[in-house]
1. Answer yes if at least one residue in region 31-52 is more than 16 Å from the ligand (Cβ to nearest atom) and within 30 Å of LEU125 (Cβ to Cβ), and no otherwise.
2. With the checklist (1) assigned to a helix (DSSP H, G or I); (2) open to solvent by 40 Å² or more (accessible area, probe 1.4 Å) in hand, flag the one item GLN72 doesn't pass.
3. For region 119-136, enumerate the residues that are β-branched (Val, Ile, Thr), under 21 Å from ALA299 (Cα atoms) and open to solvent by less than 30 Å² (accessible area, probe 1.4 Å).
4. What are the residues in region 11-24 that are touching a Phe, Trp or Tyr at 6+ places or on another chain (Cβ under 9 Å) and either free of Cβ contacts under 8 Å to residues at least 60 places away in the same chain or open to solvent by less than 40 Å² (accessible area, probe 1.4 Å) (or both), if any?
5. Please work out which residue is most open to solvent (accessible area, probe 1.4 Å), limiting yourself to region 56-69 and to residues that are away from the ligand (no atom under 16 Å from the Cβ) and more than 19 Å from CYS159 (Cα to Cα).
6. May I ask you to verify whether ASP322 is within 23 Å of the chain's Cα centre (by Cα) and under 28 Å from ALA7 (Cβ atoms)?
7. Just checking, how many residues over region 355-388 are buried (at least 18 other Cβ atoms within 10 Å of the Cβ) and out of contact with any Leu (no Cβ under 8 Å at 6 or more places or on another chain)?
8. What helices (runs of 4 or more DSSP H), lying completely within region 314-390, carry at least 3 residues that are modelled with pLDDT of 95 or more?
Amino acid sequence: MLIEDEADRLVMVPGPTPVHREILNAIAEPTIWHSSDAMAKIVQVCQEGIRAAAGAQRGTIFIFGGSGTLAQEAAVVNLVGPDDLLLVVSHGYFGDRFAAIAQAHGIPVERLVASWGSAITPELLRSRLQAGGVRAVTITQVDTSTGTAAAVGELVSVCKEHDALVIVDSVCALGGMPVEMDRHHIDVVLTGAQKALGVPPGLSILAVSSEGLQRRRELARIPAYYADLQNWEASMENPQKYFSTHAVNLFYALARGLDFVRDEGLERRFTRHQVLSTAFRAGMSALGFQPLTEASALAPTLSVLAAPVALEVEKFRLALADAGVVAAPNMGEFKGKGLRFGHMGNITESDILQCVAASEIAIEAAGGRVEIGSGVAAARRAVRPAAAAV
Ligand SMILES: Cc1ncc(COP(=O)(O)O)c(C=O)c1O
């Protein structure tokens, strides 16, 4: 195996997230016939789990082999045509990806861009939509490049005042924070498997409203085949019907991952994400790492942090890996300024404390000054104020 050193490390990048052993074991079950009755039931169980996590009792759930990007592309090409205008609400790199997808398909696109780390306000969106011409809007619930969490409910309401279709990229959110598709009348909620659902990468997941599917029909021909939701519709209605081979073993993993979500309960799961993210940031802040994201838009699923000025970021990242924890470099405008840490999916308090402890060791190894234990104490105080006091 080529992964030996890497496999021992705690993966604290913002996706893929650590996968629980039981979810990994599910993948090792025998690969069954993709059109069998048993497989159909597994697909349906996954659809129900996504329905619950996305607040999408009314939508159609599509799950197929792919990634978050394919889900983004499918959402755009199925809902937006070459005579429409797509407005991309962009909070960073992954918001901008929607614009790149539209351009690749010859769809007119305009971006409403936030400065990195800050969020687009409903007022700003309203003033653009009042000017007219927009058919559909994309909103990235949490942009993984900036750590910005959008005020999805409010932004979607503004879109609906103007009859725009709304696509929400929930890749870095679904399973770790509320996404309420039906309540907010969102037309597409999309994600991948590898982030807050805690499942290995390899699945594209979309919940699509009946208005969204109606729009697909109105468009007649679209420049897609595998990503054409109309081709998948019958197979998602009855998974024994073939369109393309289901990613059998990944569905096993998703089903097991969704068991974890159901067993924990959505509210408890969201609270865990909130508590652990606050604790993580408290611990890292005690070590001199501060969020690059504005305080009102901090996401519970990841932290995009600036390293203390005296610390050489790449040296620290490598020392952190030596200490057993993997973090991701910052991107785009934040490149070189610090690191991104994921804390979503089935992450635990001990993962958070391990990451903060490893950061203390890595600061020392990278030549920085640190009081060993100070970050862990701050994180622990934030998770359990009473326990840390005794
Ligand atoms: C918010 C967001 N959208 C889309 C994507 C693209 O997903 P994938 O890498 O699975 O194609 C990512 C990946 O990190 C993401 O964070």
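The values are calculated or read from the model by the stated rules, or taken from the named source; none is laboratory data. Quick caveat, the model's predicted, so the values are computed rather than measured. Every residue, glycine among them, receives a Cβ derived from its backbone with ideal geometry; neighbour counts consider all protein chains shown. Surface areas here come from the heavy atoms of the whole protein model, side chains and all, with no ligands, DNA or RNA. Shrake-Rupley method; radii C 1.70, N 1.55, O 1.52, S 1.80 Å.
1. Yes - at least one qualifying residue is present in region 31-52.
2. Every condition holds for GLN72 apart from (2).
3. Of region 119-136, the ones β-branched (Val, Ile, Thr) are 120-121, 134.
Remaining after also requiring under 21 Å from ALA299 (Cα atoms): 120-121.
ILE120 - this is the single residue of region 119-136 that is β-branched (Val, Ile, Thr), under 21 Å from ALA299 (Cα atoms) and open to solvent by less than 30 Å² (accessible area, probe 1.4 Å).
4. We begin by selecting, within region 11-24, every residue touching a Phe, Trp or Tyr at 6+ places or on another chain (Cβ under 9 Å); these are 12-14, 20, 22-23.
Scanning region 11-24 gives MET12, VAL13, PRO14, ILE23.
5. Kept after step one, since they are away from the ligand (no atom under 16 Å from the Cβ), are these residues of region 56-69: 56-61.
Pick out the ones that are also more than 19 Å from CYS159 (Cα to Cα) and you get 57-58, 60-61.
Working: GLN57: 122, ARG58: 158, THR60: 44, ILE61: 2 Å².
My answer is ARG58.
6. Numbers: within 23 Å of the chain's Cα centre (by Cα): no; under 28 Å from ALA7 (Cβ atoms): yes.
For ASP322, the condition - within 23 Å of the chain's Cα centre (by Cα) and under 28 Å from ALA7 (Cβ atoms) - is not met.
7. Residues of region 355-388 that are buried (at least 18 other Cβ atoms within 10 Å of the Cβ), as a first pass: 355-360, 362-363, 366, 368, 370, 375-376, 378-380, 382-383.
Within this subset, residues satisfying the condition of being out of contact with any Leu (no Cβ under 8 Å at 6 or more places or on another chain) are 357, 378, 382.
Total meeting the criteria: 3.
8. Details: elements: 349-365, 374-383, 385-389.
Correct list: 349-365, 374-383.
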